[in-house]
Amino acid sequence: TFMPIADVAKALGVKVDWDKITKMVTLTQTLENGIKKVIQLWIGKKQARINGKDVWIDAKKVLYPTIVSGKTLLPLRFVAENLNCDVQYDTKTKKITVTYPKP
């Protein structure tokens, strides 16, 4: 599931920066202890960078951020879980529940 980054960031109090030249989204989360977590994602790239370390966005290495109708869409589970959220999917109702902070 992909979600517009602006909606995710607003809900979680995360700062979002956009570099139009490199097509990179930077998410910066300041934790309660003052430490910052930085997640960088590039449009069309299947790897992201978390605090300077390159990671695959998903285990199958197929997901990547994209732009649709002028909105930047990011893989919800990857972003939410890396911003200390719990993500649950109910297959019966097809409902996604994101809980912050992770219990």
- Here segment 84-100 yields Karplus 3J(HN,Hα) values (6.51, -1.76, 1.60; θ = phi - 60°; whole Hz; Gly and Pro given as x) of 6, 10, 9, 10, 10, 10, 9, 5, 5, 9, 6, 9, 9, 10, 10, 10, 10
- Message: Could you work out what % of the accessible surface of the chain is carbon and sulfur, using a 1.4 angstrom probe and leaving DNA, RNA and ligands out of the count?
- Response: 53 percent
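Given a 1.4 angstrom probe, what's the average accessible area per residue across segment 7-91, in square angstrom?
Working: 5250 Å² over 85 residues.
Per residue, segment 7-91 has 62 Å² of solvent-accessible surface.
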- Table column - 3J(HN,Hα) (Hz), segment 56-71, Karplus curve with 6.51, -1.76, 1.60, x for Gly and Pro: 6, 5, 9, 4, 7, 6, 10, 7, 7, x, 8, 10, 10, 6, x, 10
- Query: Between exposed trypsin sites (Lys or Arg not before Pro) in the chain, where DSSP calls loop and at most 16 other Cβ atoms lie within 10 Å, what's the longest gap?
  - Reply: 62-91
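What length, rounded to one decimal in nm, is gained on full extension from THR26 through to LYS45, with 0.36 nm per residue of separation minus their alpha-carbon distance?
On the way: separation 19, 0.36 × 19 = 6.84 nm, distance 1.37 nm.
Difference between extended and current length: 5.5 nm.
Per residue of the chain, what 222 nm ellipticity follows from adding -39500 (n - 2.57) for every DSSP H run with n ≥ 4, rounded to the nearest 500?
Calculated at 222 nm, the ellipticity per residue is -4000 deg cm²/dmol.
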- Message: Cross-link candidates for LYS36: which lysines have Cα within less than 24 Å, leaving aside residues fewer than 8 places away along the same chain?
- Response: LYS10, LYS15, LYS20, LYS23, LYS45, LYS46, LYS53, LYS102
- Query: Going toward the positive end of the dipole of the chain, with +1 on Lys and Arg Cβ and -1 on Asp and Glu Cβ, which of GLY13, ILE57, THR30 do you reach last?
  - Reply: ILE57
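Placing unit charges on C-beta atoms (Lys and Arg positive, Asp and Glu negative, everything else neutral), compute the dipole magnitude of segment 32-95 about its Cα centre in debye, rounded to 20. Can you show the working numbers first?
Numbers: 13 positive and 6 negative charges, 49 e Å.
In debye, rounded to 20, segment 32-95 gives about 240.
The values are calculated or read from the model by the stated rules, or taken from the named source; none is laboratory data. Worth saying up front: this structure is predicted, and the values here are computed from it rather than measured. We place every Cβ from the backbone using ideal geometry, glycine too, and count neighbours over all the protein chains shown. The protein model used for the area step is the full one, side chains on, heavy atoms only, and it has no ligands, DNA or RNA in it. Shrake-Rupley method; radii C 1.70, N 1.55, O 1.52, S 1.80 Å.
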